[in-house]
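Student: The following block contains the structure, expressed as C-alpha cells.
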Amino acid sequence: MAYIAPNSTVEFFSNVGLNNNYDDTLYFASISAKDSYFSGLTKLATATAMTYNREQRGYIRVELPMSRLISASYMRFKNTSFENKWFYAFVKNVEYINNQCTQINFEIDVLMTWMGNFTLGQCFIERQHTVDDAIGANIADEGLNLGLYVCEDTDYYSLGDPVVMMYKSYNKEKGDVRPSVQQQGTYNPLATYSYFLDDANLGLLETKLNTLTDDNRIDEIVTMKLVPSKFVTNGSAVPWFNKNISKPYSTIGGSNYVPRNKKLYTYPYKYLRVENGEGQSTVYKYEYFNTLPDEASTGNCEFQIRGAANNPQVAIMCTPLRYNGMDADYDQSINMANFPSLAWNVDTYKAYLAQRDSTIYGEMLASTIAGASSGALSGAIHGGAGTAIVGAVGGASSGFIGASKPLLSDTLNEMMKGSLPARMPDQTRGRAESDIMMQSGLKYFWFRKMSITKNYAMMIDSFFDMYGYAIRQHGIPNMNARPHWTYVKTIGCLVEGAIPADDASTIEDIFNKGVRFWKNLNEMGNYSLNNAPT
C-alpha cells in the first residue's frame with residue numbers, strides 16, 4: 001500500500017455568525033465562489049500536514065494550544081489526498097488535551113458543505129422573498145393582525161344642491177308636461193316639477209300648490225321628495241358623471257412612513273372605502289383597478305355615477321370602471337336610494353270650496369223649492385180649493401223663488417260658517433321624512449382612503465423584511481431572489497444531487513423549517529439594507 005503523506009488542512013474562524021439552527025446561512029452560486037469567499041476571511045488559526053480527518057467522527061485534535069482556539073466558532077477542513085473538498089462545520093466546543101494539543105468537537109454544516117453540489121426540485125413554496133415586488137404583484141393573504149384602520153384622506157362627489165321634486169298625475173288638458181315617456185326603458189306616467197330651495201322657487205312651489213287647490217286638483221300630487229339636482233333632467237337619458245381617485249402609493253398610515261415592502265400598499269393594508277351617506281359602504285382594492293390581480297398596479301381609481309330623479313323611486317349608482325378585469329363592474333356598485341319624502345299643506349277651506357262650488361248652490365236651491373212646493377200643495381188639498389189653488393201655488397212659488405235668491409245666498413254662507421269655519425287649520429298631505437345627511441348638505445358619495453396605522457405598518461414591514469411574502473404555490477425555491485438576503489420556507493422540499501442521503505434529508509428539513517440566505521457575512525442581521533429587487 002502506497003504511503004500518503006499527511007496533507008490535510010484545517011482552518012478555524014471566529015465571529016462567523018453561522019450556527020446549527022440554520023436560521024441564517026450564506027448563499028453562493030458555485031463551489032468555487034464559496035471556497036474563494038472563505039479563503040479571503042481572516043483565520044483564527046490554521047493546522048496543516050494533518051492526517052485524514054473523518055467528518056463522521058465529529059471531533060479533531062490539532063497541535064495548537066487551547067488559548068489559540070478558545071474563540072473558534074466555525075471551521076473547515078480538506079483532505080487533499082482524498083476528497084480534495086472543503087468540509088464546513090460548526091465548532092461545538094473546545095477541549096484541553098495538553099499544552100500543545102486541543103480537541104475540537106464539531107458538527108458538519110451540511111448546507112454549506114454541499115452548496116453547489118445539490119439542486120432543488122419542484123415543491124410547495126410556503127414563503128419566500130420574490131424577484132418582483134411591484135405593487136399588486138403579491139396579493140396572497142398573510143393572516144396577520146392588522147389593528148385598527150385610519151383614514152389617510154377623504155374625497156367626495158357632490159350630487160348637486162337639493163331640489164324639491166313634485167310628482168303628480170299627468171294631466172294633458174291642464175298643460176302638464178311629462179319629462180319623458182320612458183326613462184331608459186322604464187315607463188314614466190307622471191308629470192314632474194322641480195324647485196330649488198331658494199325664496200323665488202319656493203314661492204313658485206306655493207303658487208303651484210294654490211293653483212292645484214283652486215282647480216280641485218290637489219289630489220293629483222303623488223308625492224314630493226328632496227333629490228339631488230344633478231340627476232334632474234327633462235330628457236330620457238340617465239345622467240352620468242365620472243370621478244377619479246388617485247392611488248396613495250407614497251406613504252402609509254397617514255404619516256410620512258415609507259414602507260420598504262410594496263405589498264403594504266395593497267389590500268388589506270390599504271384600500272378605498274366608498275360610502276353612500278346612508279350607512280352603507282363598499283371596499284375596493286387599489287390594485288384591482290386598470291390591471292388584473294397579480295399584475296403591477298397602474299393608473300387611478302375611476303368610478304361612474306349615474307341615476308335619475310324623474311321618478312319617485314329615485315336611485316343613484318356608483319360603479320367602479322376597469323375593475324377586476326371588467327370595463328364596469330356593476331356587481332360591485334354602491335347605490336344611493338334613500339331620499340326623504342316631503343309633506344305639503346293644503347288650505348282645507350279653499351279645497352272644500354273648490355270641491356263644492358259646482359254643486360252646493362244647486363243642492364240648496366232644490367231643497368228650498370221642494371220644501372216650499374210641498375207646503376203650498378198640502379194646504380190647497382186640505383182646503384178644497386182645487387185647481388185654482390194649484391195655480392196660486394204656482395204663482396206663489398214663482399214669486400218665492402225670485403224673492404229668495406239673496407236670502408239663499410246669505411243662508412248658504414251662514415250654513416258654511418257653521419259647519420266649516422274659514423279659520424279651520426290647513427291639512428297636511430304626504431309624509432315628512434328626515435335625512436340628516438341631506439339636511440346637512442352632506443349627501444355625497446364619500447371616498448375614504450383607509451390604511452393600517454404607522455405602528456402596525458412598521459411591524460409588518462419588519463416581518464416581510466425577515467420572512468418575505470406568502471407564496472403558497474408549487475415551484476423551485478429561489479435562494480437568490482434579493483440583493484442582500486433571501487428567505488425561503490417550503491413544504492415537501494426535494495434535494496437532488498450527488499450527496500449523502502442523510503445530508504440530503506437534513507437539507508430538506510432545513511428548507512421545510514425555513515432558512516435565510518445572506519450574500520455577505522458582514523451584512524448578516526442588518527435588515528436596514530435596501531433589499532428591494534434589482
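No value in this document is a laboratory result; all are computed from the given coordinates. As the structure is a prediction and not an experimental result, all values here were calculated from the model. Neighbour counts run over all protein chains shown; Cβ positions are idealised from the backbone, glycine included.
Student: How far apart, in nm, are two points set 7 Å out from the Cα along the Cα-to-Cβ line at Glu83 and at Leu204?
Tutor: Calculated label separation equals 9.6 nm.
Student: Could you give the length gained by full extension between Leu197 and Thr282, i.e. 0.36 nm per residue of separation minus their alpha carbon distance, to one decimal place?
Tutor: Values: separation 85, 0.36 × 85 = 30.60 nm, distance 3.13 nm.
Gain on stretching Leu197 to Thr282: 27.5 nm.
Student: Using just the alpha carbons, could you tell me how many Å³ per residue the convex hull of the range 260-346 encloses? It would help to have the intermediate numbers written out before the result.
Tutor: Details: hull volume 9.8 nm³, N = 87.
Normalising the Cα hull of the range 260-346 by residue number yields 112 Å³.
Student: Testing the spin-label approximation: label points 7 Å from Cα along Cα→Cβ at Asp176 and Asp219. State their distance in nm.
Tutor: Taking the simple label geometry, Asp176 and Asp219 are separated by 1.4 nm.
Student: Using a 10 Å cut-off on Cβ atoms, rank the peptides 200-210, 311-321 from the highest mean neighbour count down. Write out the running numbers ahead of the final one.
Tutor: On the way: 200-210: 13.6, 311-321: 19.3.
Answer by packing, highest mean first, reads 311-321, 200-210.
Student: Another question about this same structure. Less than 20 Å apart at the alpha-carbon level, and either on another chain or at least 8 residues along: which lysines does that give for Lys243?
Tutor: Correct list for Lys243: Lys230, Lys270, Lys285, Lys443, Lys449.
Student: Is the C-alpha gyration tensor of the range 1-116 telling us rounded, prolate or oblate? Criteria: a/c under 1.5 is rounded; beyond that, a/b larger than b/c is prolate, otherwise oblate. Kindly include the intermediate steps, with their values, before the conclusion.
Tutor: Numbers: a/c = 1.75, a/b = 1.14, b/c = 1.53.
Oblate, because a/c is 1.5 or more while a/b does not exceed b/c.
Student: Give me the net charge for the shell around Phe118: Cβ to Cβ below 11 angstrom, other residues only, Lys and Arg +1, Asp and Glu -1.
Tutor: On the way: positive: none; negative: Glu496, Asp503, Glu508.
Taking every other residue near Phe118 into account, the sum is -3.
Student: Could you give the length gained on full extension between Val150 and Tyr527, defined as 0.36 nm per residue of separation minus the Cα-Cα distance, in nm? If you can, show how the numbers build up before the last one.
Tutor: Values: separation 377, 0.36 × 377 = 135.72 nm, distance 2.72 nm.
Gain on stretching Val150 to Tyr527: 133.0 nm.
Student: Taking 25 Å as R0, compute the FRET efficiency from the Cβ-Cβ separation of Asp132 and Asn324 and round it to 0.05. Mind showing how you got there, number by number?
Tutor: Values: r = 21 Å, r/R0 = 0.83.
Rounded to the nearest 0.05, the efficiency is 0.75.
Student: Now for a different question. Between the range 462-534 and the range 205-254, what is the separation of their alpha carbon centroids in Å?
Tutor: 60 Å
Student: Any aspartates and glutamates with Cα under 16 Å of the Lys92 Cα? List them, leaving off those in the same chain fewer than 8 positions away.
Tutor: Correct list for Lys92: Glu11, Glu55, Glu107, Asp109.
Student: Run down the aspartates and glutamates and flag those whose C-alpha is under 17 Å from the C-alpha of Lys225, throwing out any fewer than 8 positions away in its chain.
Tutor: Counting by Cα, and skipping residues close in sequence, Lys225 has these aspartates and glutamates nearby: Asp161, Asp198, Glu206, Glu278, Glu433, Asp435.
Student: Strictly over 32 Å apart at the Cα level, which of Lys85/Lys519; Lys262/Lys519; Lys34/Lys454 would you flag in this model?
Tutor: Pairs exceeding 32 Å: Lys34/Lys454.
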